[in-house]
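Quick notes on the structure that follows.
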Amino acid sequence: MNIGKVNDEFFRRSIAGKLGAPAPDLVVGPAMGVDAAVVRVGERYMVVAEDPIFPVPGLPLRDFGWFTVHIGASDVAVLGVKPRYMTYSLLVPPATPEDDLAEIISSISETAAEEGITIVGGHTGYYPAVTVPTIGGVTVWGFGDEVVTPAGAQVGDEVIITKGAAIEAAGLLAQVYGDDMLAAGIDPEIVREAAAMVYEMSVIREALLAVEVGGVHAMHDATEGGVLRGLHEVAVASRVGLRIDAEAIFVPPAAKVTCQHFGIDPLVSISEGTMVMTCSPSVTGEMMRAFDRAGIRAAVVGEVVPEAAGRKLLRDGREEELTVPDRDPFWEVFFRDLLAREGA
């Protein structure tokens, strides 16, 4: 069963060449691993991103708004531009009470206001084909004088990640299967810590902070495929090599326990909220201090090298190719167990 984003080969074969009419003002268009598009508007750049949002079983409706805004806005922020406007399409089953619908709408509005984002339009409706409240698409955009893209990494840059690996995977699995983890004897505090990681699935703060410090050349949100895929996508987009120390890629203790319990590799599991970035070595110290002052854990995990040097991962004293699996292991575990539970 295919779950999650289409693979690279399908993108190249069936999407990349089917993009409508060409436009000379399109600066960054659709590409694997690119978080948002960039269009030149006069003397400025418009950065625009699109995402679907699905509810997490067991989470309050009010949290739906937080995810809708932060997941959409993060994709704009990692291009170095403050998210400013948004639209969304809210689709719900016909039996959805109006109070529930109003709760979702209010939560989206309140979260957008907290982030300084104005909702300028959208669509809301009841549809029989929809089984759970779903954001068919949230579109977020903003304007800036400069942009930072995943294709900007430069040889000599240092590579930094924030928050650690498997943030989203651990958070969602603990939220949905927390009782199963407790039944297996996992410490309740660990389960609570892992479940709380769903509220770290945003890179707005660290992306805008990095731009404020300056010297950042590439930023990317490590979503499907986790930290290693995020690193790999930056390298491919920038046409550079990497030398990454696997031991430096920290995994929060609760995420490590959760991934071990479900048998998935935290380094290649979905990690919305983990920012991968490269910056000039001259600003690394200042960047790390800024993150520390903001309470954002970060680590230098490697360096950018010439493409001819390859993309290498140092692990257990050995050097290996930095490769990623075709599919994120999180999806199979998440939906397999969810479907099994619903069928029980």
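Miscellaneous remarks
- Taking the conditions (1) crowded, with 21+ Cβ neighbours inside 10 Å; (2) assigned to a strand (DSSP E or B); (3) small (Gly, Ala, Ser) in turn, residue 254 satisfies each one other than (2).
- Every residue from the range 150-194 that is touching a His at 6+ places or on another chain (Cβ under 9 Å) and not in a helix (DSSP H, G or I): 153, 154, 157, 184, 186
- For the range 115-157, taking the residues that are among the charged types (D, E, K, R) and exposed (fewer than 12 other Cβ atoms within 10 Å of the Cβ), the one that is nearest to residue 206 (Cα to Cα) is identified as 146.
- The lone exception for residue 103 - which of (1) part of a strand (DSSP E or B); (2) in contact with a Leu (Cβ under 6 Å, 6 or more places away or on another chain) it fails: (1)
- Subset of the range 13-40 [in contact (Cβ under 8 Å) with a residue 12 or more places away in the chain, farther than 18 Å from residue 75 by Cβ and hydrophobic (A, V, I, L, M, F, W, C)]: 16, 23
- The range 115-145: number of residues that are of a type in the set (Asp, Glu) and more than 30 Å from residue 43 (Cβ to Cβ): 0
- Within the range 1-30, the set of residues being charged (D, E, K, R) and outside any helix (DSSP H, G or I) comprises 5, 18, 25.
- In the range 167-211, the residues that are of a type in the set (Lys, Arg) and either farther than 14 Å from residue 258 by Cβ or not assigned by TED's automatic domain parsing to the domain that holds residue 222 (or both): 205
- Given (1) outside any loop (DSSP other than H, G, I, E, B); (2) out of contact with any Phe, Trp or Tyr (no Cβ under 7 Å at 6 or more places or on another chain); (3) modelled with pLDDT of 95 or more, index of the condition residue 295 fails: (1)
- Test: residue in the range 270-277 that is assigned to a helix (DSSP H, G or I), of a type in the set (Ser, Thr, Tyr) and touching a strand residue (DSSP E or B) at 6+ places or on another chain (Cβ under 8 Å): no
- Residue match in the range 68-86 (condition: in a strand (DSSP E or B), surrounded by fewer than 21 Cβ atoms within 10 Å (Cβ to Cβ) and either on the phi > 0 side of the Ramachandran plot or out of contact with any helix residue (DSSP H, G or I) (no Cβ under 9 Å at 6 or more places or on another chain) (or both)): yes
The values are calculated or read from the model by the stated rules, or taken from the named source; none is laboratory data. Everything numeric in this text was worked out from a predicted model, so none of it was measured. We place every Cβ from the backbone using ideal geometry, glycine too, and count neighbours over all the protein chains shown.
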